[in-house]
1. Of the peptides 71-84, 160-173, how do they stack up when ordered by the mean number of other Cβ atoms within 10 Å, highest first?
2. Can you tell me the length gained on complete extension of the stretch A126 to H180, counting 0.36 nm per residue apart and subtracting the Cα distance?
3. For a test of the definition: using alpha carbon positions, the gyration tensor, and the 1.5 limit on a/c, classify the range 89-194 as rounded, prolate or oblate.
4. Considering only protein heavy atoms and a 1.4 Å probe, what is the carbon-and-sulfur percentage of the accessible area of the chain?
5. Out of every Cα pair in the range 14-103, what percent are spaced more than 24 Å from each other?
6. In whole percent, what relative contact order does the chain give with Cα contacts below 8 Å and a gap of six or more residues?
7. Going by Cα centres, the range 105-120 and the range 142-192 are how many Å apart?
8. Scan [x] 51, 33, 32; [y] 56, 34, 29; [z] 63, 38, 31 for the value of Cα extents along the principal axes in Å calculated from this model and give just the label.
Amino acid sequence: MAGRPKIYDETAILDKAVEVFWEKGYANATADDLLHAMGIGKGSFYFAFKGGKEELFRKSMERVVELNFKAIRDALATCENPVQFIRDFFLSLTGNDSPVGNKGCYFGNALIQVSADDSGLKIIAAKYLHLLEEIFTEAVQKGKDLGLLETQELAAALGTYLVNLWNGLNVTRRMETDQHKLAELVRMNLNILH
(Lines give C-alpha, C1' and ligand atoms only; values in the text may rest on other atoms or scores of the structure.)
Protein backbone atom coordinates (compact mmCIF):
# COMPACT_ATOMS: atom_id res chain seq x y z
CA MET A 1 0.00 0.00 0.00
CA ALA A 2 1.39 3.38 -0.93
CA GLY A 3 2.16 5.91 1.80
CA ARG A 4 -0.08 8.83 2.49
CA PRO A 5 0.34 11.51 -0.19
CA LYS A 6 1.87 14.83 0.83
CA ILE A 7 -0.63 17.63 1.01
CA TYR A 8 1.94 20.34 1.64
CA ASP A 9 5.10 21.80 0.11
CA GLU A 10 8.03 20.56 2.22
CA THR A 11 10.23 23.51 1.23
CA ALA A 12 7.53 25.99 2.25
CA ILE A 13 6.97 24.36 5.63
CA LEU A 14 10.73 24.21 6.25
CA ASP A 15 10.94 27.94 5.54
CA LYS A 16 8.18 28.53 8.09
CA ALA A 17 9.99 26.35 10.64
CA VAL A 18 13.19 28.34 10.04
CA GLU A 19 11.31 31.54 10.89
CA VAL A 20 10.03 30.07 14.16
CA PHE A 21 13.39 28.62 15.22
CA TRP A 22 15.19 31.85 14.30
CA GLU A 23 12.76 33.96 16.31
CA LYS A 24 12.28 31.71 19.34
CA GLY A 25 15.29 29.41 19.40
CA TYR A 26 15.28 25.64 19.36
CA ALA A 27 14.35 25.09 23.01
CA ASN A 28 11.63 27.76 23.14
CA ALA A 29 9.92 26.80 19.87
CA THR A 30 6.99 24.64 20.95
CA ALA A 31 5.30 22.00 18.85
CA ASP A 32 2.22 24.24 18.71
CA ASP A 33 4.33 27.19 17.47
CA LEU A 34 5.81 25.05 14.73
CA LEU A 35 2.58 23.35 13.66
CA HIS A 36 0.72 26.65 13.56
CA ALA A 37 3.43 28.36 11.49
CA MET A 38 3.81 25.41 9.12
CA GLY A 39 0.06 25.00 8.75
CA ILE A 40 0.08 21.22 9.17
CA GLY A 41 -1.36 18.83 11.71
CA LYS A 42 0.48 16.52 14.10
CA GLY A 43 -0.09 13.50 11.89
CA SER A 44 1.44 15.17 8.84
CA PHE A 45 4.26 16.54 10.96
CA TYR A 46 5.31 13.16 12.35
CA PHE A 47 4.81 11.53 8.97
CA ALA A 48 7.23 14.05 7.41
CA PHE A 49 9.62 14.31 10.38
CA LYS A 50 9.75 10.96 12.08
CA GLY A 51 12.48 12.23 14.36
CA GLY A 52 10.18 15.01 15.57
CA LYS A 53 11.41 18.48 16.43
CA GLU A 54 15.09 17.46 16.33
CA GLU A 55 14.81 16.18 12.76
CA LEU A 56 12.91 19.31 11.75
CA PHE A 57 15.65 21.51 13.22
CA ARG A 58 18.34 19.48 11.47
CA LYS A 59 16.52 19.90 8.16
CA SER A 60 15.96 23.59 8.88
CA MET A 61 19.73 24.04 9.26
CA GLU A 62 20.24 22.32 5.90
CA ARG A 63 17.69 24.70 4.40
CA VAL A 64 19.47 27.79 5.77
CA VAL A 65 22.73 26.54 4.25
CA GLU A 66 20.99 25.85 0.94
CA LEU A 67 19.43 29.31 0.83
CA ASN A 68 22.30 31.41 2.10
CA PHE A 69 25.70 29.77 1.95
CA LYS A 70 25.24 28.51 -1.59
CA ALA A 71 24.32 32.03 -2.71
CA ILE A 72 27.42 33.48 -1.03
CA ARG A 73 29.70 30.83 -2.52
CA ASP A 74 28.19 31.26 -6.00
CA ALA A 75 28.54 35.05 -5.82
CA LEU A 76 32.15 34.78 -4.69
CA ALA A 77 32.95 32.32 -7.48
CA THR A 78 31.83 34.78 -10.15
CA CYS A 79 32.87 38.13 -8.68
CA GLU A 80 35.96 39.96 -9.92
CA ASN A 81 37.05 41.19 -6.51
CA PRO A 82 36.40 38.73 -3.67
CA VAL A 83 38.04 41.04 -1.12
CA GLN A 84 35.59 43.84 -1.91
CA PHE A 85 32.78 41.29 -1.84
CA ILE A 86 33.76 40.35 1.73
CA ARG A 87 33.91 44.01 2.74
CA ASP A 88 30.50 44.72 1.19
CA PHE A 89 29.05 41.57 2.74
CA PHE A 90 30.08 42.55 6.27
CA LEU A 91 29.03 46.17 5.82
CA SER A 92 25.61 44.96 4.64
CA LEU A 93 25.15 43.36 8.06
CA THR A 94 25.31 46.73 9.80
CA GLY A 95 22.29 48.42 8.18
CA ASN A 96 18.54 48.15 8.52
CA ASP A 97 18.43 45.93 5.44
CA SER A 98 20.78 43.36 6.96
CA PRO A 99 19.84 39.88 5.74
CA VAL A 100 20.21 38.64 9.32
CA GLY A 101 18.70 41.59 11.15
CA ASN A 102 18.95 41.37 14.92
CA LYS A 103 18.14 37.65 14.98
CA GLY A 104 21.77 36.59 15.04
CA CYS A 105 23.36 33.74 13.14
CA TYR A 106 21.13 30.68 12.85
CA PHE A 107 24.05 28.38 13.66
CA GLY A 108 25.65 30.57 16.32
CA ASN A 109 22.26 30.75 18.04
CA ALA A 110 22.01 26.97 17.90
CA LEU A 111 25.43 26.54 19.51
CA ILE A 112 24.32 28.71 22.41
CA GLN A 113 20.67 27.65 22.73
CA VAL A 114 20.74 23.90 22.15
CA SER A 115 21.18 21.95 25.38
CA ALA A 116 23.92 19.45 26.10
CA ASP A 117 21.31 16.70 25.64
CA ASP A 118 21.12 17.67 21.96
CA SER A 119 24.88 17.69 21.37
CA GLY A 120 24.36 16.20 17.90
CA LEU A 121 22.61 19.40 16.84
CA LYS A 122 25.51 21.46 18.21
CA ILE A 123 27.94 19.40 16.14
CA ILE A 124 25.87 20.05 13.01
CA ALA A 125 25.64 23.79 13.75
CA ALA A 126 29.43 23.93 14.25
CA LYS A 127 29.92 22.04 10.99
CA TYR A 128 27.94 24.67 9.12
CA LEU A 129 29.89 27.52 10.71
CA HIS A 130 33.05 25.73 9.57
CA LEU A 131 31.53 25.69 6.08
CA LEU A 132 31.13 29.48 6.26
CA GLU A 133 34.75 29.70 7.41
CA GLU A 134 35.74 27.60 4.40
CA ILE A 135 33.85 29.97 2.08
CA PHE A 136 35.67 32.97 3.59
CA THR A 137 39.00 31.14 3.30
CA GLU A 138 38.39 30.39 -0.38
CA ALA A 139 37.53 34.06 -1.01
CA VAL A 140 40.66 35.27 0.74
CA GLN A 141 42.82 32.79 -1.17
CA LYS A 142 41.26 33.93 -4.43
CA GLY A 143 42.02 37.52 -3.44
CA LYS A 144 45.64 36.57 -2.76
CA ASP A 145 45.90 34.70 -6.06
CA LEU A 146 44.56 37.76 -7.90
CA GLY A 147 47.09 40.02 -6.18
CA LEU A 148 44.38 41.93 -4.30
CA LEU A 149 45.86 41.25 -0.86
CA GLU A 150 49.36 42.03 0.39
CA THR A 151 48.94 40.50 3.84
CA GLN A 152 51.21 37.62 4.77
CA GLU A 153 48.53 36.08 6.97
CA LEU A 154 47.47 32.64 5.79
CA ALA A 155 44.11 32.43 4.03
CA ALA A 156 42.95 29.79 6.53
CA ALA A 157 43.79 32.06 9.48
CA LEU A 158 41.91 34.93 7.85
CA GLY A 159 38.94 32.62 7.19
CA THR A 160 38.85 31.81 10.91
CA TYR A 161 39.17 35.51 11.74
CA LEU A 162 36.25 36.36 9.46
CA VAL A 163 33.95 33.70 10.90
CA ASN A 164 34.85 35.05 14.34
CA LEU A 165 33.94 38.55 13.12
CA TRP A 166 30.67 37.12 11.77
CA ASN A 167 29.83 35.59 15.16
CA GLY A 168 30.83 38.70 17.09
CA LEU A 169 28.95 41.07 14.82
CA ASN A 170 25.78 39.01 15.10
CA VAL A 171 25.94 39.36 18.89
CA THR A 172 26.95 43.04 18.86
CA ARG A 173 24.01 43.94 16.58
CA ARG A 174 21.69 42.86 19.38
CA MET A 175 23.07 45.50 21.76
CA GLU A 176 24.19 48.25 19.40
CA THR A 177 21.59 50.05 17.30
CA ASP A 178 23.86 52.80 15.95
CA GLN A 179 24.55 51.72 12.37
CA HIS A 180 27.44 54.16 12.05
CA LYS A 181 29.20 52.61 15.04
CA LEU A 182 28.61 49.12 13.64
CA ALA A 183 29.98 50.11 10.23
CA GLU A 184 33.09 51.64 11.85
CA LEU A 185 33.58 48.47 13.87
CA VAL A 186 33.39 46.40 10.68
CA ARG A 187 35.78 48.70 8.80
CA MET A 188 38.27 48.53 11.66
CA ASN A 189 38.10 44.74 11.77
CA LEU A 190 38.45 44.46 8.00
CA ASN A 191 41.66 46.52 7.99
CA ILE A 192 43.37 43.15 8.28
CA LEU A 193 42.43 42.58 4.62
CA HIS A 194 45.07 44.83 3.07
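1. So the order, starting with the most tightly packed, is 160-173, 71-84.
2. Difference between extended and current length: 16.4 nm.
3. It comes out oblate by the Cα gyration axes.
4. Working: 5730 of 10630 Å².
After summing per-atom areas, the C and S share lands at 54 percent.
5. The share of Cα pairs beyond 24 Å in the range 14-103 comes to 36 percent.
6. Answer for the chain is 22 percent.
7. Between the Cα centres of the range 105-120 and the range 142-192 lies a distance of 24 Å.
8. [z]
The values are calculated or read from the model by the stated rules, or taken from the named source; none is laboratory data. This is a predicted model, so every value here is computed, not measured. So basically every Cβ, Gly included, is an ideal-geometry build from the backbone, and we count neighbours across all protein chains shown. Just so you know, the surface numbers come from the protein's heavy atoms only, side chains and all, with ligands and any DNA or RNA stripped out. Shrake-Rupley method; radii C 1.70, N 1.55, O 1.52, S 1.80 Å.
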